[in-house]
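First the structure, in the form of structure tokens, and then the observations on it.
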Amino acid sequence: MHTSGNQSTSPETQEKRLFPIRLIAEQTGINPVTLRAWERRYGLIQPERTAKGHRMYREDDLRRIFRIKEWLERGVAVSQVKALLDNQTTSSGTDFAVTDTEMPEWSGLVSQSADWLSQGLITRFDQQLNQLTAIYPVQMLNQFFWPPLLDFIYRAGEYQQLIRIQFYAWLRNRTGIRLSHRNMPSATRPVWLLAPVPGQTMDPELCLTALTCADLNIPVLMLDSLPEWSFLHLLEEQKNLTGIVLFTREKLPEFSKSEHQMLNSLKSPLYLSGAACVLHQGDSMPWQACTSWSELNFISQE
């Protein structure tokens, strides 16, 4: 009996493609802590396990994670997603409307956070944020949680200044810890440089951008300050920079001719972000203005 040398292998005999949690996190933008919470607390995914207990994800799991993200981005509470996914598997082609009862109570979460910050209960605020970051993708927090909370923090008044001082200290500490544990750049690894413009201090939006990058496994180098514009050239010589993002909360002064030449000679892509960035969108400067720190999508697309 003649046997062909190009026999096809049936799906049953094909080796399954399995992926570790690190690769799944890179592919989906969902950090491992959140993936584990979706599994343990909500039963949204059920990865396989190795003999040593390590999670291994199938391609079906990867597709399911992307569907979970889609539902969350449409405003569905994480506790409602499993039922919707199960219905999708039994009702092909069926779409579901999002009702008000399925929306996460973002306004309530923001109000509770504002109350704890007002009372100086930073530990309670930190605990709540840990719970949120374990359940929801960082992009959702950037869209629904941080903007209204920052609006509250930025309000004028002496008491608000006290809140800002405590919040800034907590945020800088949290950012430093996260970057040191998950995002420590090496001498040769390409990194994004995040810094305030020279003459300004650390901005909360800068820290939140750094935290977002850490959750998305994007290497960053965050600086508290820049003494002079010329330091950007020194950093380019010292570091392997993917790009530079500068943050400003104030209108920048006029640039000298030498500063123009220096900025134009930078090799790295240059971006300007922060609250006052909109004031410089029409400037003849070698940067691209990005008015919202939470929309710095170009970082993950590089």
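Quick notes
- Answer residue from the range 203-238, given it is polar (S, T, N, Q) and in a loop (DSSP other than H, G, I, E, B) and is modelled with the lowest pLDDT among those: N217
- Unique residue being in a helix (DSSP H, G or I) and more than 20 Å from the chain's Cα centre (by Cα) when the list is E259, E254: E259
- Selection status of S300, modelled with pLDDT of 90 or more and surrounded by fewer than 18 Cβ atoms within 10 Å (Cβ to Cβ): no
- Selection from the range 191-215 of residues that are surrounded by fewer than 19 Cβ atoms within 10 Å (Cβ to Cβ) and within 18 Å of the chain's Cα centre (by Cα): none
- The residue pairs whose first member lies in the range 105-134 and is within 17 Å of I177 (Cα to Cα), whose second member is small (G, A, S) and loosely packed, with under 14 Cβ neighbours inside 10 Å, and whose beta carbons are closer than 9 Å, counting only pairs six or more residues apart or on different chains, are I122/A169.
- Pairs where the first residue, in the range 279-295, is at pLDDT 75 or above and the second is surrounded by 16 or more Cβ atoms within 10 Å (Cβ to Cβ) and of a type in the set (S, T, N, Q), C-beta under 7 Å, 6+ apart: C290/S273
The values are calculated or read from the model by the stated rules, or taken from the named source; none is laboratory data. Just so we're clear, the structure is a prediction, and the values are computed from it rather than from any experiment. Neighbour counts run over all protein chains shown; Cβ positions are idealised from the backbone, glycine included.
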